[in-house]
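A quick write-up on the structure given underneath.
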Amino acid sequence: MIPPIPAIRSVRTPLAPRRNGEAYLRRGKLTAFSALMTFKTKSSVVSQVVCLIVCCALVCSSVCDAQRYGGTNPQVKAAFADLPGAAAELVAIQEAMKGISEAISQADVAVHDRLKQTQGELDAEIAQIDTLIKQFRAGVLQDANTVLNKTFVEANDLLFRATQGTLATEAAFEQGIASSLVSASQIVDSIPFVNVHAYPAMAFPLRALPTRTTDLPLTIVGFFKDNWPAPTASVSGAPLAISRNPNRLTVTVPKQMIHDAAGNPFSIRLRYPAYKSGWWIFGSLKYDERDIVLNVLPIKAASYKVLKSVQKDKPQYDYVNIIPKQDNTEAGKCSTAVRYPSWPMTDVAAEVNVDFTTTYSQAESTLVGPQVIARGGNNPDGQNDCSASVDAAGKLLVLYEKARGSCDHWEGGIFGGMHWGEGGNEFCRVTAQLQLLKQVQVPTPCQLTGGAVEGDLSWGEEVKLVKGSTCVNPIVELSVQLVDYSFNPPQSRTISYIDYTSDLYFSDYVDAIPDDKGFHAWVRSFLDPVPQAGAMVAGAKPLTSVRDVSKVYPIPVGKGGTYPPEPQCIAAGGPAACVQMCTDPIPADYKVKAVTAALKDKAQADFKPCLPNKECDAGGAALHGSYFLQSLSPSLYEVCWEVRNWATSLRDGRISVQTAP
């Protein structure tokens, strides 16, 4: 993967052994480090890390007289007050390392996760120094001066790499910090017998678009002595133009070099005079080299292809007519007979050879459309009746038959006669249809509009596909093939949305979200790590700063109730169905800006808002307490909020979160 801010690799020449004046310089180390420890208690964690690292690089390379800058921290002084020369210097740098490791431990999850390896290296070096100092004090460390000086060089180089790691994780790093450190170097360098190492404090920009139309000015802030030879910069031995201002170098990287490196990083080697190895003005210059890695991003940032888009639709059935059924009910003279003959669905389905094994679902199939298609019989009193129906489950065809026989009675008044009663009967023939649910449901496509369903995205571009006019129902399944070219080699993923669950994709540059409304993907343009606010690489568009995350949850029915007070959950003996709604994972470097919740009945189209400490606008539900953040991993978290539903209807709840870097 092309890292957002590359590392700077150290290629150091050996440091010369310490000579005269070591005791004098050692007192200065105590003072500078005590000031550093005082600052540490008042600044932010990341500022602590930056200042501890770079300040101790100044302290341990060479520092000023303790008497010029005040007293010392007794605890720090006690750590190495009894040690001479190189041993004291080594303990000083060890104390600084302990402070750095502690500051990393106190950093937020994202910073700590990225600096975990650096912290491990620091802790290992601290342990090694402990061992060496114990051996030194015991008088058993052989070739002590060489070993201690070699360890000092290694530790100093580790601190420089830790500096770069901190810069790579802290977006709010300000140039003022680097400038203050450079100014401190100049003050220290002006004191006799003190030889401060030149060093690069930071470099920017470290990323470039391959479509640049101008050369790239690469700025390096650091301490470079004006009266020493100018630093040089090169790529694979080819020199680059470099200009020098006080405490600042500008390396001009040709645009053609950037074009040719599209999608690949390359190293710019900075060579500069770092320190003198001898006595004050009589020493010889020694050089250091640093490789500054410039990431050139690929021309194509991402590509996508919609593989499947299915809308929610009615279940798919086949309809088959049953073989008609008939029955006859008889009633004797002056009597009534009522009968309910019936036929199970499985029986009438078997008569027409319905396959409930592989073709249709027996549990989800029913009888529909019952009707009387023929009737007859003797109906002397006109009271016979016949009708057809199915039971509530749709599994039984039921025939209702009523027959009535007439009674003896006189008709026609005084001149009439006796009408002798007779029996009656009702004959009925009925039919119905089998509504057979297909085991294999053919998905109903949902046409997406708003852009091409397959395409490429460049830096700063986005695509937002939404349901077309023919897609009248919510999307229940959406699959998209996504290729992220910011990785080397490119990373391919299939992300999906299936029944309220989304696979969200987040990388350093590419974001993609499929949901029930469509597909949204965008490529973040980047702000180079330039300390001045608003400074950008030529051609880059503004950084995408807001990310919306939303998720829908089915809410079970409650047992009824009123508000206030807030009802208890069913599990606690109350009437409310309680559901904890949580978002999909959110990257740890994105912070919550706003959280909202909403609710609707299943039959409703639109969600209605829910506000804290009051009944939801949809009625019969309320939010419990406030939302909370829940860690999923060192780099991911989710936002959750509990909703309590006491209404006796099924509902959908939604939690929405707006985040920003």
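The values are calculated or read from the model by the stated rules, or taken from the named source; none is laboratory data. Nothing here was measured: the structure is a model prediction, and the numbers come from that model. Quick reminder, even Gly has a Cβ in these numbers, built from the backbone with ideal geometry, and neighbours come from all protein chains shown. The protein model used for the area step is the full one, side chains on, heavy atoms only, and it has no ligands, DNA or RNA in it. Shrake-Rupley method; radii C 1.70, N 1.55, O 1.52, S 1.80 Å.
Numbers below:
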{"quantity": "In order through the stretch 365-382: 3J(HN,Hα) via Karplus (6.51 cos²θ - 1.76 cosθ + 1.60), integer Hz, x for Gly, Pro", "calculated": "9, 9, 8, 9, x, x, 7, 8, 9, 7, 8, x, x, 8, 10, x, 9, x"}
{"quantity": "Cα gyration tensor category, rounded, prolate or oblate, for the stretch 382-519 with a/c compared to 1.5", "calculated": "prolate"}
{"quantity": "Charge tally in the Cβ shell below 9 Å around His419, where Lys, Arg are +1 and Asp, Glu are -1, His419 excluded", "calculated": "-2"}
{"quantity": "Inter-label distance for Gln439 and Lys314, nm, one decimal - labels placed 7 Å from Cα along Cα-to-Cβ", "calculated": "2.5 nm"}
{"quantity": "Signed unit charges on C-beta, dipole axis of the stretch 372-413, positive-most listed residue Gly412, Gly377, Leu399", "calculated": "Leu399"}
{"quantity": "Label-point separation in nm, Lys305 to Asp355, each point 7 Å along Cα→Cβ", "calculated": "3.4 nm"}
{"quantity": "Per residue solvent-accessible surface (Å²) - the stretch 250-356, probe of 1.4 Å", "calculated": "50 Å²"}
{"quantity": "Accessible area per residue in Å² at 1.4 Å probe, computed on the stretch 361-415", "calculated": "54 Å²"}
{"quantity": "Mean Cβ neighbour count within 10 Å, used as a protection proxy, ranking 578-591, 463-476, 414-427 highest first", "calculated": "578-591, 463-476, 414-427"}
{"quantity": "Residue-by-residue Karplus 3J(HN,Hα) for the stretch 497-502, coefficients 6.51, -1.76, 1.60, Hz, glycine and proline x", "calculated": "10, 9, 6, 6, 10, 10"}
